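The values are calculated or read from the model by the stated rules, or taken from the named source; none is laboratory data. Please read these numbers as outputs of a predicted model, since none were measured by experiment. Please note: Cβ atoms are built from the backbone with ideal geometry, for glycine as well, and neighbour counts cover all protein chains shown. Protein only, heavy atoms only, side chains kept; ligands, DNA and RNA dropped before computing areas. Shrake-Rupley method; radii C 1.70, N 1.55, O 1.52, S 1.80 Å.
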Amino acid sequence: MLDLAIIGGGPAGLTAGLYATRGGLNNVTMFEMGMPGGQITTSSEIENYPGQIEVVTGMALMEDWPEQCKRFGLKHEMNEVSQVTKNGNTFNIKTADGKIQEAKSVLLATGSVPRRAGIPGENKLFGRGVSTCATCDGFFYKGKEVAVIGGGDTALEEAVYLSKMCSKVYLIHRRDTYRAAPSTIEHMKKAENIEEVTNVTVEEILGDNMGVTGLIVKSKESGELKQFDVPGVFVFVGRDVLNDSFKQDDGSFLCDVNKQGEIIVDIGMRTSTPGVYAAGDVRIEAAKQVVCAAGDGSTAAINIIEYVG
Ligand code: FAD
Ligand code: NAP
């Protein structure tokens with residue numbers, strides 16, 4: 001019987017593993033389907049992690065985290081969790097190989113994946129000029145022109161954020177009306193250096209060995225093609241939380257989720273199901289930053305230690 005099963009080995013899961021083992025839990029396993037480190041390992045540069053003065057790759061930032069956890073006894077099982085179910089006061093953790101392990105408590109830290117738009121060139125150039133995080137990567141385009149793809153709250157808010165540091169922002173949207181809130185649209189329209197490019201489809205994101213060089217859009221009305229020579233393309237077409245493994249056979253969830261599928265937690269990272277906690281990008285109102293995910297992980301672990309007793 002595990003004291004704690006951590007599902008996901010990103011910043012949230014790893015920090016929870018560190019705090020839980022160092023805080024006295026003896027039998028803690030972190031299930032991570034890939035290499036520990038999480039989505040930040042796909043980022044080419046990170047410069048907003050506190051105390052990290054040098055700009056490093058996401059991979060370099062996360063390199064030592066698993067080793068630090070291992071020293072305090074965290075076990076890492078490289079396996080995909082296919083389903084977590086409740087079994088009385090404990091939980092069954094079923095992995096992709098069909099094995100079932102029991103745990104007294106569970107931390108859901110599976111993160112989220114930015115939705116890809118499905119544009120040719122997008123995947124190949126992801127992390128090399130194609131980004132889904134303006135807070136993280138906007139600074140690299142200071143004084144340069146960038147493109148933002150999307151018409152929701154995130155795209156418009158991030159376009160405004162980028163307009164403060166970039167010389168120009170092309171806001172590229174597939175329709176001529178936005179999904180974003182009216183006040184956000186109004187805010188965006190006030191930014192003089194945002195050029196709206198609406199009713200278009202993005203045909204291709206262009207690049208070379210150095211990264212993104214531009215993108216080509218096609219007007220839905222005239223079919224006219226237009227090229228924008230930008231070194232940065234920000235794709236904000238929605239996000240998907242990874243919550244499949246928390247679905248029960250009857251279609252319900254292990255704990256309450258909102259309509260986006262994000263796990264509802266209280267300030268202590270407790271979910272609606274006693275013994276189940278959530279941390280990081282997978283939870284409601286996540287700030288979607290490494291430092292926040294790590295903070296959630298530590299908060300959850302401190303409360304889990306008390307719960308397990
Ligand atoms: P994740 O990092 O998503 O980790 C979740 C882990 O769970 C993954 O490793 C996944 O493989 C694993 N997992 C999922 N499902 C299962 C399963 N069923 N079984 C087993 N394992 C599973 N943040 C910053 O603070 N600064 C930055 O500069 C920055 N730049 C970014 C650049 C890019 C390109 C991206 C994509 C993100 C960036 N972020 C940045 C955001 C940051 O990476 C996330 O907020 C953070 O990683 C969230 O951590 P997490 O632990 O909640 O989830
Ligand atoms: P979203 O609301 O789902 O918007 C995604 C946008 O991307 C839409 O405009 C959509 O176009 C476009 N899009 C989707 N797939 C595309 C594709 N393949 N190619 C090109 N464009 C594509 O996502 P979001 O902006 O990330 O917001 C998610 C949720 O968080 C929403 O409920 C939002 O209101 C909320 N949110 C709120 C705030 C706030 O309150 N301040 C801030 C951010 C987010 P269409 O419009 O044509 O569908």
Problem set entry | Of K190/K259; K99/K288; K124/K189; K164/K189; K124/K190, pairs whose Cα-Cα distance is over 24 Å | K190/K259; K99/K288; K124/K189; K124/K190
For this session: With a cut-off of 12 Å, note down the residues of segment 87-111 whose backbone N falls inside the zone around a label point 7 Å from the Cα of N79 toward its beta carbon.
Result: 93-103
Seminar exercise, completed: Within the chain, the percent of DSSP beta bridges that are antiparallel, given to the nearest 5, stands at 50 percent
Exercise. Once you charge only the Cβ atoms, +1 for Lys and Arg and -1 for Asp and Glu, what is the size of the charge dipole of segment 74-122 about its Cα centre, to the nearest 20 debye?
Worked result: 160 debye
Exercise. Given H placed on each backbone N at 1.01 Å, which residues far from Q83 in sequence or on other chains put an amide H within less than 5 Å of it?
Worked result: K94
For this session: At q = 0.06, 0.07, 0.15 Å⁻¹, work out log10 I(q)/I(0) for the chain with the Debye formula, treating every Cα as an identical point scatterer and leaving solvent out; two decimals please.
Result: -0.23, -0.31, -1.11
Exercise. If you count the DSSP beta bridges with both ends in segment 130-237, what percent of them are antiparallel, to the nearest 5?
Worked result: 45 percent
For this session: Calculate the dipole size of the chain relative to its Cα centre from +1 charges on Lys and Arg beta carbons and -1 charges on Asp and Glu beta carbons; express the result in debye to the nearest 20.
Result: 220 debye
Problem set entry | Rounded percent of accessible protein surface that carbon and sulfur make up, the chain, 1.4 Å probe | 49 percent
For this session: Compute the relative contact order of the chain as a whole-number percentage, counting only Cα pairs closer than 8 Å that sit 6 or more residues apart in sequence.
Result: 22 percent
For this session: Would you mind checking which residues have amide H under 5 Å from R283's amide H? H placed 1.01 Å from N; only 5 or more apart, or other chain.
Result: I263
Exercise. If each Cα of segment 200-281 is one equal point scatterer, what is log10 of I(q)/I(0) from the Debye formula at q = 0.12, 0.13, 0.21 Å⁻¹?
Worked result: -0.62, -0.65, -0.92
Seminar exercise, completed: Note on segment 167-309, DSSP bridge orientation, antiparallel percent to nearest 5 equals 75 percent
For this session: Determine ³J(HN,Hα), in whole Hz, for all residues of segment 190-207 in sequence, where each value follows from phi through the Karplus function 6.51 cos²θ - 1.76 cosθ + 1.60 and θ = phi - 60°; x replaces Gly and Pro.
Result: 6, 6, 5, 9, 9, 9, 7, 10, 10, 6, 10, 10, 8, 7, 6, 9, 9, x
Problem set entry | Net length gained if the chain between R174 and A287 were fully extended (0.36 nm per residue, minus Cα distance) | 38.0 nm
Problem set entry | Whichever aspartates and glutamates have a C-alpha closer than 15 Å to that of K226, once near sequence neighbours (fewer than 8 apart) are set aside | E195, E196, E203, E204
Problem set entry | In order through segment 159-174: 3J(HN,Hα) via Karplus (6.51 cos²θ - 1.76 cosθ + 1.60), integer Hz, x for Gly, Pro | 5, 5, 4, 5, 5, 7, 10, 9, 6, 7, 10, 8, 8, 10, 9, 7
Exercise. Which residue, chosen from N193, L242, I305, occupies the Cα position most advanced towards the positive end of the dipole of segment 190-309, where the dipole is computed from +1 (Lys, Arg) and -1 (Asp, Glu) charges on Cβ about the Cα centre?
Worked result: I305
Problem set entry | Potential extension, K164-T135 segment - 0.36 nm per residue separation minus Cα distance | 9.3 nm
Problem set entry | Simple label model, 7 Å out from Cα along Cβ direction - K144 to N123, nm | 2.5 nm
Problem set entry | Relative contact order (%) - segment 130-237, alpha-carbon pairs under 8 angstrom, separation at least six | 32 percent
Seminar exercise, completed: Any residue on another chain or 5+ positions along whose placed amide H is under 5 Å from the amide H of V130 is listed here as V212, V233
Exercise. With the other protein chains left in place, how much accessible area per residue, in square angstrom, belongs to the chain at a 1.4 angstrom probe?
Worked result: 49 Å²
For this session: Quick one: among D250, D229, D153, which has the greatest mean-square fluctuation in a GNM of the chain with alpha-carbon springs under 10 angstrom?
Result: D250
